[in-house]
Amino acid sequence: MSAESPSTMRALPAGRRRTKPGSQSALRARNQLRIQEALLAAGPQTQAELSRSTGLSSATVSNIVRQLSEAGLVMTEPTTSSGRRALSVRLNDNGAVAAGIDIGRRHVRVVLATLGYRIIGEDAISLPAGHSADEGMDAAAELFDSVLRDAGVDRDRVLGAGVGIPGPIDRRSGTVVRGAILPEWVGINMREDLAGRLRVPIHIDNDANLGALAQVTWGPHGGCENLIFVKVATGIGAGLVINGSLFYGHVGITGEIGHATISDQGLICRCGNRGCLETVASTATMIDLLSRAAAEPVTTADIIRQASAGDPATLRVVDDAGMAVGRAMAGIANALNPEVIVVGGSLTGLGDAFLNPIERGLLRHAVPLIGETTTVTMSSLGDRAEALGAAALVLAQADAVL
């Protein structure tokens, strides 16, 4: 980051101005900073939501929002919350942006987001199957440069880039470990290799974790404290939000439900075990099953189209896959008791044809009360979820800009 980075160009926030410790002005400054950090970490919120997330009283939040608005640091607009009129609060943009990069098995997507959580740039390109790590990272860097150029954003305005890939990452080192859908990437230290290509600070995470973060940041689940995001694609993984925060476990490898055993006598999985969820419910498995009787190889788009047209074979394959996903989700739900399970990935276009069997599988295998009180829904963010979550990962680093 250059000497004139956005964090040094903006006025010093109220919470960082020098005040006498313990004074009323110091308390007010700390509370103002808490509001700003809450908005940066979770995006636009109503004043009631800010009160809950910061622990400040409604009256205090109202006064602080008014002060920040008068100072030009936030903007407000009318909205509705639970059917009632409310005031939505968001940070004012200052020219700084966060980048979100989603590198998949066959694609790269880049988004640019402002501090006010506005998307000002976005693009995606296809990648060849089995691409090498160098090919994938080079493509990501080229697309990143292209999106910056099209949006008219200088590189020194970029706070950082969040990057997601479909596989487990050792958070201690930033290294891709065995089990990734991209086996060519195993052992690659993305923090080092991508940082050199992008020339901005890098934040690496698993794509399912970023999908979960997107649901509570950009999606309709901002007030949800306990949420599971399950991504069904070539691989299957889950991101876990517990008590309002992403859960990473000991070394960062969580939510690997694609390798939960569904059938002891099932097919051998790429992980070396037998009968894993991925062998019966991934898009790769569905494509393989449906392509056997087809004149040409079936695509994911074909699955959605054929299911929508009522094709019996496609609907049976989708139903079997959904039941298996629901069964796997029941195990996690029994342990975590989430409020919401959000289904994402490349099959969201199937809608109820996929969602209904997932719900049936959950109800059949979960503790009855957990199954009955857990909402199962499709992601409203489509194939943008992981890139949006990656941008949110950067924006959540409040100390970088406040």
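Miscellaneous remarks
- Computed in the context of the full set of protein chains, the accessible area of the range 347-396 at 1.4 Å probe radius has 51% of its extent on carbon or sulfur.
- Taken over the alpha carbons of the range 300-402 as equal point scatterers, the Debye sum produces base-10 log I(q)/I(0) values at 0.10, 0.12, 0.19, 0.25 Å⁻¹ of -0.36, -0.49, -0.93, -1.21.
- The range 105-169 - percent of accessible surface contributed by carbon and sulfur, probe 1.4 Å: 41
- Environment charge at ALA307 (Cβ cut-off 15 Å; Lys +1, Arg +1, Asp -1, Glu -1): -3
- Considering only beta bridges that DSSP places wholly inside the chain, some 65 percent are antiparallel.
- Charged-residue dipole, Cβ positions (Lys, Arg, Asp, Glu), the chain about Cα centre, Debye nearest 20: 1540
- Applied to the range 137-143, the Karplus parametrisation 6.51 cos²θ - 1.76 cosθ + 1.60 on θ = phi - 60° returns per-residue 3J(HN,Hα) values of 6, 5, 5, 5, 5, 5, 5 Hz, with x for Gly and Pro.
- ³J(HN,Hα) computed for each position of the range 282-288 - Karplus, 6.51 cos²θ - 1.76 cosθ + 1.60, integer Hz, glycine/proline x: 6, 5, 4, 5, 4, 4, 4
- Each part gets one Cα centre, and for the range 145-180 versus the range 328-388 those centres are 27 Å apart.
- Computed label-point distance, nm, for sites ASP288 and LEU267 using a 7 Å Cα→Cβ extension: 0.2
- Plainly put, the range 110-207 has a radius of gyration that is 0.96 times its Kirkwood radius, both from alpha-carbon atoms, as the Rg/Rh ratio.
- Packing, as the average of other Cβ atoms within 10 Å across residues, places the peptides 230-243, 359-372 in the order 230-243, 359-372, highest first.
- DSSP-assigned coil residues among trypsin sites (Lys or Arg not before Pro) in the range 249-326, each with at most 10 further Cβ atoms within 10 Å: ARG292
- A convex hull fitted around the alpha carbon atoms of the range 176-301 yields 161 Å³ per residue.
- For GLY116, residues with placed amide H under 5 Å, excluding near neighbours: ASP93
- Net charge of Cβ neighbours under 12 Å - reference THR375; Lys, Arg +1; Asp, Glu -1: -3
- Rounded to the nearest 10 Å², the accessible area of ASP311 at probe 1.4 Å: 50
- Judged by the mean number of other Cβ atoms found within 10 Å, the most tightly packed of the peptides 50-56, 324-330 leads the ranking 324-330, 50-56.
The values are calculated or read from the model by the stated rules, or taken from the named source; none is laboratory data. Everything quoted here is computed from the prediction, not taken from an experiment. Cβ sites come from the backbone with ideal geometry, for glycine too, and all protein chains shown count toward neighbours. The area values use the complete protein model at the heavy-atom level, side chains included, leaving out ligands, DNA and RNA. Shrake-Rupley method; radii C 1.70, N 1.55, O 1.52, S 1.80 Å.
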